[in-house]
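The values are calculated or read from the model by the stated rules, or taken from the named source; none is laboratory data. As the structure is a prediction and not an experimental result, all values here were calculated from the model. Here the Cβ positions follow ideal geometry from the backbone for every residue, glycine too, while neighbour counts run over all protein chains shown. In case anyone asks, the SASA skips ligands and DNA or RNA and just uses the protein heavy atoms, side chains included. Shrake-Rupley method; radii C 1.70, N 1.55, O 1.52, S 1.80 Å.
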Amino acid sequence: MARGSVSRDIAGLLLCLAVSHLYARLSDILNELWKLDKNRLRPGTDYNISLQGKAGYVASGSNVARDYASAPLFSYVNEEKLRSIKTFSSLMNLLDNYEPSTGVAEKVTAEEIAENNRFLSAILETEVMKRAHRYLVAKGQSQSSLRDFKNQLYNIWFRLYHRDRRGGEDSCGFEHVFVGETKYGKELVGLHNWVQFYLQEKQHHVDYKGYKARDKDMPEKDDHILNLQFSWKGLVKPVGSAFVGVSPEFEVAAFTILFLTSKEKVTTAVVNLDEYQVELVVYRHGRSIGTAYPKLLSSNNRHV
């Protein structure tokens, strides 16, 4: 075997080992955050989901999908408890602040800026975000000042940018991930947050079509991560994914850590989180998040 080929093989092996080590460390911190997530709602107690049928194939660009779920995904949510938790209630105040169509410039009012800051202040009071902050400071990715960290989070999640170059600044990471957007009135993008999904479903704007899964790894009603198919405002998302029941601080912490510890345009990391094997995906849009979502690979420790 040529010396150059051996060198490339060794370099490839070292890279694989380095990536494996990185993902193991990422799994460690995310599991710490998972255990600290005291605001996570409990399936079967605080909410119930009805998985129903397995969704079918939808061709790219199509907004026609057969419905394999005649009932909503969420059959029950304890809204009183949801609204009593500061981070959830402050999140819910933000969900009507955005124009969903890309290409239409966002008009952010002083009150909406104040709501953004109240949300960040609320999550920064939690043990989840305090631990994430310490981790990022130790990694040299954030300043120890809480004010500086809050400003950093604002720029990552709420700083407006152009997603569609035809108009003004029309998007931000928070809008895409937590609220959802439409492109050219033809494509549904984002909307990876379970609270927004539930509220939109309650208002009959979201129609759950069924779960997405491999045949040997069917989801269960107490899973905290779900791959699914749905329509929103008449547009179909062939495959979407979201954490279910988790707190907004956990989502912000997990995706912020992945965003800041990688400089790649697209970062994917396969991690073992609680009983799940999950692929976390983050797309960078300059200094901000373009999109971020979890993809369930395996649950109930079937991957172990």
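Brief remarks on what is shown
- With respect to being under 21 Å from Ser247 (Cβ atoms), surrounded by 18 or more Cβ atoms within 10 Å (Cβ to Cβ) and either hydrophobic (A, V, I, L, M, F, W, C) or touching a strand residue (DSSP E or B) at 6+ places or on another chain (Cβ under 9 Å) (or both), Leu51 falls outside the description.
- Condition check for Val281: assigned to a strand (DSSP E or B), out of contact with any Cys (no Cβ under 6 Å at 6 or more places or on another chain), surrounded by fewer than 20 Cβ atoms within 10 Å (Cβ to Cβ) and not aromatic (Phe, Trp, Tyr): yes
- Taking segment 69-165 as the region of interest, the helices (runs of 4 or more DSSP H) fully inside it that hold 2 or more residues being loosely packed, with under 14 Cβ neighbours inside 10 Å are 79-84, 110-124, 127-138, 146-157.
- Across segment 210-230, the qualifying residues are those that are of a type outside the set (D, E, K, R) and part of a loop (DSSP other than H, G, I, E, B), and the one among them that is modelled with the lowest pLDDT is Met218.
- Within segment 54-68, tally of residues that are open to solvent by 40 Å² or more (accessible area, probe 1.4 Å), at pLDDT 95 or above and not basic (Lys, Arg): 2
- Check on Lys263, over 21 Å from Lys139 (Cβ atoms) and of a type in the set (Lys, Arg): no
- Residues within segment 199-226 that are closer than 15 Å to Tyr47 by Cβ and of a type in the set (A, V, I, L, M), tallied: 3
- The single residue among Val252, Val239 that is open to solvent by 10 Å² or more (accessible area, probe 1.4 Å) and among the hydrophobic types (A, V, I, L, M, F, W, C) turns out to be Val239.
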